[in-house]
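Worksheet: one structure, shown below.
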Amino acid sequence: MRLDRAKANARLKKSDSSRALSGHGAIETELRASKKQLRTTSVIRDVAKRKQMEKSLRKSEHVHKAMADSLSRAIAEKDRLLRELRNREQMYREIYNATSETIAVEDTLTGSFVEVNEPMVRMYGYSSKEELMARSIGDLSEAIPPYTQENALRLHALVMAGSPQVFEWMAKKKNGELFNVEVSLSCSPIRGENRILAVVRDITERKRAETALREAHDNLDRKVKERTASLRALATQLVQAEENERQRIANILHEDLQQMLTGTRLMLRDLRERHPKEDAKHLVDRVMSTLEAATQLTRSLCCDLRPPMLYEAGLVAALKWLADDMKKKFGLAVQVRADESCEPESKELRVFIFEAVRALLLNVVKHADVKRAQATLSVTEGNRIHVQVKDRGKGFDALPGTPSGFGLFSLRERTESFGGELNIRSAPGKGTCVTLALPKP
Ligand SMILES: Nc1ncnc2c1ncn2[C@@H]1O[C@H](COP(=O)(O)OP(=O)(O)O)[C@@H](O)[C@H]1O
Ligand SMILES: [Mg+2]
């Protein structure tokens, strides 16, 4: 018996339907030999559903393949992004560690280190990050107020309250060596948490330069002060020497020379009476009148040097006498305005003011090219004596720094040595006004 089987796929049409079958049909033909009779058994199975399923399976395979493709593309993209991220992180880490700035990330409350970079480890002389991070801010500071842990935390609080801080700090290395740093503190969210970001800069060199500059400046300042003081002392000595010399010459003129002149005149008068010869009498008269003139001259010289008024009647009277003298000698009309209440008690101050007014009036005579001047003496509310000499003459450039003659210079120095100040107001063509403000003793 031979059994043959064949399978065939066929598209069939249903007999009752006008419409063709949408699915596939299958005919299974079995050839069977039995007793020389060939029989064909056909089993027809409707496989339309299966075909349908196969089709949708093929379709979904297609979809799966597309999905798998896009998934692998997404994975490749993710890998690329990860690689890039890693590269960037590496780059930032390198920058973070290679920068010359030392950076530390600190806990906002405790101040303990969350992260530090390599330069910070090197700057503080530690051998590893871990070793440094185990220390507190106080350990890295001088630990003498104000450079203490407490103050550092106080500054942290200010930063947290919204005001970033930049300040100088005395830092301490692992070996105990102290050095100056400048710290900039700011608040920054790092990995979702608020942190204090500290940038620390070694400013030892800057501090050294600043100290050297300050020392040089102080040195210069001291030298200028010393020079000024010695100049002032010199000017005071000079004026004092002038006054002493005047007094000495006045004494000689008064005590010795005038005595001699008077004695000689008396002797000559005696001679004239004893020898009334006409010729001799004439000669003696001439000698006597010359001697009289000499006596007058010494008297006035004496007055110039040490005006008796100043010592006997006081400053106000002496100034009035000076005004008369200026008119007589130089034709300068001086208007004196002075109140008796301005009279200084100190003899030195009286003499100084008198000499100052005389020097200023002589300047008017010499430089102003006018015939009038004004000298005023008054007491201000702050109980200071104001001495002012004013003219409407030629004037001069009296800007600060413009060199003046010794007269005004020594006047200024003397005024300052009395605790006062001298002020010059003048400009070419605008007249001159010199004021001395002196404390009233
Ligand atoms: N009243 C004045 N009017 C115009 N110029 C003046 C007057 N006082 C001073 N000066 C100017 O200031 C300069 C300095 O005066 P001073 O120090 O007294 O020196 P000196 O009188 O020896 O020249 C004078 O040379 C003159 O040019
Ligand atoms: Mg002068």
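The values are calculated or read from the model by the stated rules, or taken from the named source; none is laboratory data. Because the structure is a prediction, the values reported are computed rather than measured. Virtual Cβ from ideal backbone geometry, glycine too; neighbours counted across all protein chains shown.
Residues of the stretch 248-263 include at least one that is under 60 Å from the mean Cα position of the chain (by Cα), among the polar types (S, T, N, Q), outside the structural domain of GLU343 (by TED's automatic domain parsing) and surrounded by 12 or more Cβ atoms within 10 Å (Cβ to Cβ). Filtering the stretch 362-414 to residues that are within 9 Å of ligand 1 (Cβ to nearest atom) and small (Gly, Ala, Ser) leaves ALA368, ALA373, GLY393, GLY395, ALA398, SER404, GLY405, GLY407, SER410.
Suppose the filter is surrounded by 12 or more Cβ atoms within 10 Å (Cβ to Cβ) and of a type outside the set (Phe, Trp, Tyr); does ARG122 pass it? Full working, then the answer.
Values: surrounded by 12 or more Cβ atoms within 10 Å (Cβ to Cβ): yes; of a type outside the set (Phe, Trp, Tyr): yes.
For ARG122, the condition - surrounded by 12 or more Cβ atoms within 10 Å (Cβ to Cβ) and of a type outside the set (Phe, Trp, Tyr) - is met.
Just wondering, is there one or more residues in the stretch 244-260 that are of a type in the set (A, V, I, L, M), at pLDDT below 90, over 30 Å from PHE354 (Cα atoms) and assigned to a helix (DSSP H, G or I)?
First pass over the stretch 244-260, keeping only residues of a type in the set (A, V, I, L, M): 249-250, 252-253, 257, 260.
Subset that is at pLDDT below 90: 249-250, 252-253, 257, 260.
If we keep only those that are over 30 Å from PHE354 (Cα atoms) too, we end up with 260.
When the remaining residues are screened for being assigned to a helix (DSSP H, G or I), the result is 260.
Checked against the condition, which is being of a type in the set (A, V, I, L, M), at pLDDT below 90, over 30 Å from PHE354 (Cα atoms) and assigned to a helix (DSSP H, G or I), the stretch 244-260 yields at least one hit.
Does GLU61 satisfy the condition of being more than 23 Å from GLU193 (Cα to Cα), among the acidic types (Asp, Glu) and out of contact with any Ser or Thr (no Cβ under 9 Å at 6 or more places or on another chain)? So GLU61 passes the test.
Taking PHE418, is it under 15 Å from PRO344 (Cβ atoms) and either within 14 Å of ligand 1 (Cβ to nearest atom) or touching a residue at least 40 places away in the same chain (Cβ under 8 Å) (or both)? Outline the logic, then answer.
Numbers: under 15 Å from PRO344 (Cβ atoms): yes; either within 14 Å of ligand 1 (Cβ to nearest atom) or touching a residue at least 40 places away in the same chain (Cβ under 8 Å) (or both): yes.
It is true that PHE418 is under 15 Å from PRO344 (Cβ atoms) and either within 14 Å of ligand 1 (Cβ to nearest atom) or touching a residue at least 40 places away in the same chain (Cβ under 8 Å) (or both).
If the requirement is being closer than 19 Å to GLU101 by Cβ, in contact with a strand residue (DSSP E or B) (Cβ under 9 Å, 6 or more places away or on another chain) and of a type in the set (Asp, Glu), which of these qualifies: GLU182, GLU193, GLU142? Before the answer, list the steps.
On the way: GLU193 fails: closer than 19 Å to GLU101 by Cβ; GLU142 fails: closer than 19 Å to GLU101 by Cβ.
Exactly one residue qualifies, and that residue is GLU182.
ALA368 satisfies every condition listed in (1) in contact with a Ser or Thr (Cβ under 9 Å, 6 or more places away or on another chain); (2) within 16 Å of ligand 2 (Cβ to nearest atom); (3) within 27 Å of ALA229 (Cα to Cα); (4) hydrophobic (A, V, I, L, M, F, W, C) except (3). Checked against (1) touching a residue at least 40 places away in the same chain (Cβ under 8 Å); (2) within 41 Å of the chain's Cα centre (by Cα); (3) within 14 Å of ligand 2 (Cβ to nearest atom), THR435 meets all criteria but (3).
Within the stretch 380-398, residues that are within 16 Å of ligand 2 (Cβ to nearest atom) sit with their Cβ atoms under 8 Å from residues that are basic (Lys, Arg) and assigned to a strand (DSSP E or B), at 6+ positions apart or across chains, in these pairs: ASP391/ARG372; ALA398/ARG425.
Sort out which residues of the stretch 334-354 are within 16 Å of ligand 1 (Cβ to nearest atom) and surrounded by fewer than 19 Cβ atoms within 10 Å (Cβ to Cβ), and write them in order of number.
Within the stretch 334-354, the subset within 16 Å of ligand 1 (Cβ to nearest atom) is 334-335, 352.
Matches in the stretch 334-354: GLN335 only.
Examine the stretch 146-168 for a residue that is in contact (Cβ under 8 Å) with a residue 40 or more places away in the chain, within 19 Å of VAL199 (Cβ to Cβ), surrounded by 12 or more Cβ atoms within 10 Å (Cβ to Cβ) and of a type outside the set (A, V, I, L, M), and state whether such a residue exists. Yes, the stretch 146-168 has at least one match. Whether any residue in the stretch 405-418 is within 16 Å of ligand 2 (Cβ to nearest atom) and not in a helix (DSSP H, G or I) is what I want to check. Within the stretch 405-418, one or more residues are within 16 Å of ligand 2 (Cβ to nearest atom) and not in a helix (DSSP H, G or I). Under the condition of being of a type in the set (Val, Ile, Thr) and outside any helix (DSSP H, G or I), the residues counted in the stretch 189-237 number 5. Checking each residue in the stretch 80-104 for being hydroxyl-bearing (Ser, Thr, Tyr) and within 12 Å of PRO119 (Cβ to Cβ) picks out TYR96, THR99, SER100, THR102.
Listed by first and then second residue, the pairs linking a residue in the stretch 354-367 that is at negative phi to a residue that is more than 9 Å from ligand 1 (Cβ to nearest atom) and aromatic (Phe, Trp, Tyr), with Cβ atoms under 6 Å apart and 6 or more places separating them unless they lie on different chains, are VAL365/PHE330. Can you find a residue that is aliphatic (A, V, I, L, M), in a helix (DSSP H, G or I) and either modelled with pLDDT of 90 or more or touching a Cys at 6+ places or on another chain (Cβ under 9 Å) (or both) anywhere in the stretch 87-106? No, the stretch 87-106 contains no residue that is aliphatic (A, V, I, L, M), in a helix (DSSP H, G or I) and either modelled with pLDDT of 90 or more or touching a Cys at 6+ places or on another chain (Cβ under 9 Å) (or both).
Determine whether the stretch 170-178 contains at least one residue that is surrounded by 17 or more Cβ atoms within 10 Å (Cβ to Cβ), in contact with an Asp or Glu (Cβ under 9 Å, 6 or more places away or on another chain) and under 23 Å from GLU131 (Cα atoms). Yes.
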